[in-house]
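A.B. asks: Pasting in a structure now, in structure tokens, and then I'll have a few things to ask.
The values are calculated or read from the model by the stated rules, or taken from the named source; none is laboratory data. What you are looking at is a predicted structure, and each value in this text was computed from that prediction instead of being measured. Neighbour counts run over all protein chains shown; Cβ positions are idealised from the backbone, glycine included.
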Amino acid sequence: MGEVLSQSEIDSLLSALSNGEVDVQEMQSNDEKAVKNYDFKRPAKFSKEHLRTLELIFEHYGRLLSTNLPVYLRKNIQVNVASSETVTFSEFSNALSNPVILGIVNFQPLVGNIIVDLTANIGYAILDRMLGGQGETIDKLRDFSEIEMGILDRILSVCTQLLREPWKNVIEVHPLLERIETNTQFAQIIAPNEMIAIVTLNVKIGEVEGFMNICLPYMTIESIIDNLNTKFWFTTMTNADDGDHKVELENLLRKVDVPIKAVLGKSQIAVSDFLGLQVGDIIRLETRMDDELDIYVGDFKKFSAVPGTDHDRYAVRVTSIYREEEE
């Protein structure tokens, strides 16, 4: 119900109108409410808050790509979020040109799939780098061979597994790369008029720059759409303590293959003697039988040990640890 004016307020208002202090047209324009057209063919299922949260998630994902992909490509890689928007699936697929690199990802435990779209020039740069080149792209587009598809499958599988950590604050996902399509006609995972959110990442491999588009159908993330807000995302962030990091680092270090060698001794012989070596020949070393052996980890001396056997194999028993300050 509107405010009721007193007689004195009414007289003051009429006086202001007659004196020109108040404009009638200005008052009418202030009362009018802005009307926004609503397209029922394209319902706004994703809010700005949803898109902002998706950008935060994929900013984290971009940092993971920048850190992990150089291990495989041996080249500096920069990844950052360029934009996010909502469109229909038909608009997304019609904007793609053949050939494309479309990774169909099963986004378990959510129902349905998402699409990871990699522009062709980035794909060619990855292939060139993986096959021993400088990471350059090609000027003329062509189809990918079966060998090249196998290499791209490996790289996209790595990119797919890296999706787990950024989504951890929203839901525990177990993404799985089902297949790679190079033709948009074979990547129709949802109806053309379904709404999707697209997060575009700018990818730079050396001097080659392109885009990676993450296509997220509404029907896939509908069950967790309420969790896609910054308040929920920040409140569910868990800070792992130092103990957890220590255990995780130890587990990663245990998987690293490190060359270890035991040096029995050294000797100098002529090239002619080396070429004439036969089974049963004896080479005199500079060490004695009771001297300890030097154990090298990589190119660094780390241990001293004595030789022996373990069942039917040669072995050594570590007797001391070598430290650099002992030099």
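A.B. asks: List every residue pair whose Cβ atoms lie under 7 Å apart, where the two residues are 6 or more positions apart in sequence or sit on different chains, the first residue falls within region 56-72 and is closer than 15 Å to Ile155 by Cβ and in contact (Cβ under 8 Å) with a residue 60 or more places away in the chain, and the second residue, located anywhere, is acidic (Asp, Glu) and not in a helix (DSSP H, G or I).
C.D. replies: Leu64/Glu165
A.B. asks: So for region 142-154 (the condition being assigned to a loop (DSSP other than H, G, I, E, B), charged (D, E, K, R) and surrounded by fewer than 19 Cβ atoms within 10 Å (Cβ to Cβ)), does at least one residue qualify?
C.D. replies: Yes, that holds for at least one residue.
A.B. asks: On to the next question. Cβ-Cβ below 7 Å, separation at least six or inter-chain, first residue in region 95-123 and under 17 Å from Ile190 (Cβ atoms), second among the small types (Gly, Ala, Ser) and in a loop (DSSP other than H, G, I, E, B): which pairs?
C.D. replies: Leu102/Ala187; Ile104/Ala187; Ile115/Ala187
A.B. asks: Looking only at region 262-288, which residues are among the charged types (D, E, K, R) and loosely packed, with under 10 Cβ neighbours inside 10 Å?
C.D. replies: Passing the criteria: Lys266, Asp281, Arg284, Glu286, Arg288.
A.B. asks: Within region 241-290, can you find the residues that are more than 30 Å from Thr309 (Cα to Cα) and part of a loop (DSSP other than H, G, I, E, B)?
C.D. replies: The answer is Asp241, Ala270.
A.B. asks: Which pairs turn up if I take residues in region 245-270 that are within 13 Å of Tyr296 (Cα to Cα) and look for partners that are part of a strand (DSSP E or B) and among the hydroxyl-bearing types (Ser, Thr, Tyr) with beta carbon separation below 9 Å, at least 6 apart in sequence or on another chain?
C.D. replies: Pro259/Tyr296; Ile260/Tyr296; Lys261/Tyr296; Ala262/Tyr296; Ala262/Tyr314; Val263/Tyr296
A.B. asks: Go through (1) at pLDDT below 90; (2) touching a Gly at 6+ places or on another chain (Cβ under 9 Å) for Thr88 and report which single condition fails.
C.D. replies: Of (1) at pLDDT below 90; (2) touching a Gly at 6+ places or on another chain (Cβ under 9 Å), only one is false for Thr88: (2).
A.B. asks: Same structure again: Taking Ile115 as the residue in question, decide whether it is part of a strand (DSSP E or B) and buried (at least 20 other Cβ atoms within 10 Å of the Cβ).
C.D. replies: Yes, satisfied.
A.B. asks: Turning to a different aspect of this structure: If we scan region 75-88, do we find a residue that is of a type in the set (Lys, Arg) and out of contact with any helix residue (DSSP H, G or I) (no Cβ under 7 Å at 6 or more places or on another chain)?
C.D. replies: No.
Listed here are the residues, each with its yes/no results for (1) assigned by TED's automatic domain parsing to the domain that holds Lys302; (2) modelled with pLDDT of 85 or more; (3) more than 30 Å from Lys48 (Cβ to Cβ).
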residue	(1), (2), (3)
Leu228	no, no, no
Thr235	no, no, no
Thr238	no, no, no
Asp241	no, no, yes
Ala270	yes, yes, yes
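Rundown of residues vs (1) buried (at least 20 other Cβ atoms within 10 Å of the Cβ); (2) not in a loop (DSSP other than H, G, I, E, B), yes/no style:
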position	(1), (2)
Leu163	yes, no
Lys168	no, no
Leu176	no, yes
Gln188	no, no
Ala197	yes, yes
Leu201	yes, yes
Phe211	no, yes
